[in-house]
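Report on the following structure.
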Amino acid sequence: MLVKLQPTRIGMILGEGSIFAFVFLIGALSLHKAINKERKLHDQKKNFLLSVTHELKSPLASIKLYLQTIQKRDLDKKQVVSFIDKCLLDIERLDDLVENMLLAAKIENQSYTFPKEQFNLSALVDSIVNRLQINKCDFNQQLINAEIEPKIEITGDKFALSSVVTNLIENAVKYSKPCEEVAVKLFRKDNSVFLQVADNGIGIADNEKSRIFDKFYRVGSEDTRNTKGTGLGLFIVKQVLDKHKATIQVRDNKPSGSLFEIVF
Ligand code: ADP
């Protein structure tokens, strides 16, 4: 039996059909996007576990080796002290890693209250610079160049903010060539407090600048990257600063590298 359709009915069917096709397409696209996002997160979590395992294992292996050498060999006092210093640096590295992971976990499950107190930010930045200065440059050169305006007091969570400063300076060192200069500046201007950390390292492409603050995000792929890390540092930095109503910006440093600027 042949059914003859009225032109208005054909129009209706075509209209409904195209709406259906449109909705279907949008659905398929969002599903595709969601699956991709899920897959990416899964990969990032897997890489995170691998890098954390590596970051835990390598200082432990080196501490073990130093202690075994001290135990087995007849070393003079100077050598023993130097080996113990190296062990302490590795322990500090482990401590930083564990602190970062704990803080990130607490921020995630919202159990951390960011207890605030008034404290001297100048003294805090100065002590972190001194600690990282000794850690990183083997040739005893001026690696971190700090210009810290004295007696800058702020109200905030001292523990979380020390993690912010540590993460920024550690990154500046990590993504630069050995002993290349890193500039840290703390100053007051127009009723605000500015903290700048600038390096002359590998720099960050414009399309990556907004993504580096995401949890687990690391620029490049696992196969090509040769720096160690977990992708948690800048996530912590951003979350902590949000809780302090402070802002962070990243821009290109001149002639090369990156400049991170926090405004309190
Ligand atoms: P990671 O543990 O990988 O260093 P972060 O969260 O601290 O994790 O940083 C995220 C990513 O941002 C890094 O993997 C790196 O690609 C990029 N990055 C951060 N700081 C710098 C910097 N100073 N110079 C170049 N790239 C940087």
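Values quoted throughout were computed directly from the atomic coordinates according to the rules given, and no laboratory measurement underlies them. Predicted, not measured: the structure shown is a model, and the values here were computed from it. Backbone-built Cβ (ideal geometry, glycine too); neighbour counts: all protein chains shown.
Treat the count of other C-beta atoms within 10 Å as a stand-in for reagent exposure and order CYS87, CYS179 from fewest to most. Could you put the intermediate results ahead of the total?
Working: CYS87 18, CYS179 15.
Fewest-to-most Cβ neighbours within 10 Å comes out as CYS179, CYS87.
Quick check: from the Cα gyration tensor, does the stretch 106-197 come out rounded (a/c under 1.5), prolate or oblate?
Oblate shape, in that a/c is at least 1.5 and b/c is the bigger or equal ratio.
Over the Cα atoms of the stretch 114-263, what radius of gyration and what Dmax do you get, in Å?
Both quantities, over Cα of the stretch 114-263: 14.9, 46 Å.
Could you work out how far helix 233-243 tilts from the main Cα principal axis of the chain, as a 0 to 90 degree angle to the nearest 10?
80
Determine, for LYS106, LYS46, LYS72, the number of other Cβ atoms within 10 Å of each Cβ, and report the residues in order from fewest to most.
Values: LYS106 15, LYS46 12, LYS72 8.
Listed from fewest to most nearby Cβ atoms, that is LYS72, LYS46, LYS106.
Would you please give the FRET efficiency between PHE114 and LEU75, computed as 1/(1 + (r/R0)^6) with r the Cβ-Cβ distance and R0 = 41 Å, to the nearest 0.05? Numbers along the way, then the final one.
Working: r = 46 Å, r/R0 = 1.12.
Once rounded, the FRET efficiency stands at 0.35.
Could you line up MET101, MET12 from fewest to most neighbouring Cβ atoms inside 10 Å? Mind dumping the intermediate values first?
Numbers: MET101 17, MET12 12.
By the 10 Å Cβ count, ascending: MET12, MET101.
Pop out the ³J(HN,Hα) list for the stretch 78-87 in order, Karplus 6.51 cos²θ - 1.76 cosθ + 1.60 with θ = phi - 60°, rounded to Hz; leave Gly and Pro as x.
Rounded to whole hertz, the list is 4, 5, 4, 4, 5, 5, 5, 4, 5, 4.
If amide H atoms are built 1.01 Å from N in the plane of the peptide, which residues on other chains or at least 5 residues away come under 5 Å of the amide H of GLY203?
The list, which skips near neighbours in sequence, is GLY257, SER258.
How large is ³J(HN,Hα), in whole Hz, for each residue of the stretch 190-203 in order, when computed from phi with the Karplus curve 6.51 cos²θ - 1.76 cosθ + 1.60 and θ = phi - 60°, using x for Gly and Pro?
For the stretch 190-203, the Karplus-derived couplings read 6, 6, 10, 10, 10, 10, 10, 10, 10, 10, 10, x, 6, x Hz, x marking Gly and Pro.
Here are some pairs, LYS57/LYS243; LYS57/LYS116; LYS174/LYS209; LYS64/LYS185; which of them have Cα atoms lying more than 28 Å apart in this structure? The partial results should precede the final answer.
On the way: LYS57/LYS243 33 Å; LYS57/LYS116 35 Å; LYS174/LYS209 17 Å; LYS64/LYS185 38 Å.
Over 28 Å Cα-Cα: LYS57/LYS243; LYS57/LYS116; LYS64/LYS185.
With n ≥ 4 as the cut-off for DSSP H runs, can you work out [θ] at 222 nm for the chain, using -39500 (n - 2.57) per run divided by the number of residues, rounded to the nearest 500? Don't jump to the answer; show the numbers that get you there.
Numbers: 5 runs with 142 residues, N = 264.
Taking each H run of at least 4 residues, the total per residue is -19500 deg cm²/dmol.
Once you have a ≥ b ≥ c as the square roots of the Cα gyration tensor eigenvalues for the stretch 46-165, tell me rounded if a/c is under 1.5, and otherwise prolate or oblate according to whether a/b is larger than b/c. Spell out each step's value before the answer.
Details: a/c = 2.64, a/b = 1.39, b/c = 1.90.
Oblate is the answer for the stretch 46-165, as a/c is 1.5 or above yet b/c matches or exceeds a/b.
Residue-wise, which Karplus ³J(HN,Hα) couplings in Hz belong to the stretch 159-172, taking 6.51 cos²θ - 1.76 cosθ + 1.60, θ = phi - 60°, and x for glycine or proline?
5, 5, 6, 5, 5, 4, 5, 4, 4, 5, 5, 4, 5, 4
If you bin every alpha carbon distance in the chain into 5 Å steps from zero, what whole percent lands in each bin?
In whole percents, the pair-distance histogram is 1, 5, 10, 13, 14, 14, 11, 7, 6, 4, 3, 2, 2, 2, 2, 1, 1, 1, 0, 0, 0, 0.
Compute the projected area of the convex hull of the Cα atoms of the stretch 1-106, averaged over all viewing directions, and report it in nm² to one decimal place.
On the way: hull surface 53.4 nm².
With every direction weighted equally, the projected area is 13.4 nm².
Determine the shape class of the stretch 170-249: with a ≥ b ≥ c the square roots of the Cα gyration tensor eigenvalues, call it rounded for a/c under 1.5, and otherwise prolate if a/b is greater than b/c, oblate otherwise.
Numbers: a/c = 2.31, a/b = 1.36, b/c = 1.69.
The shape class here is oblate.
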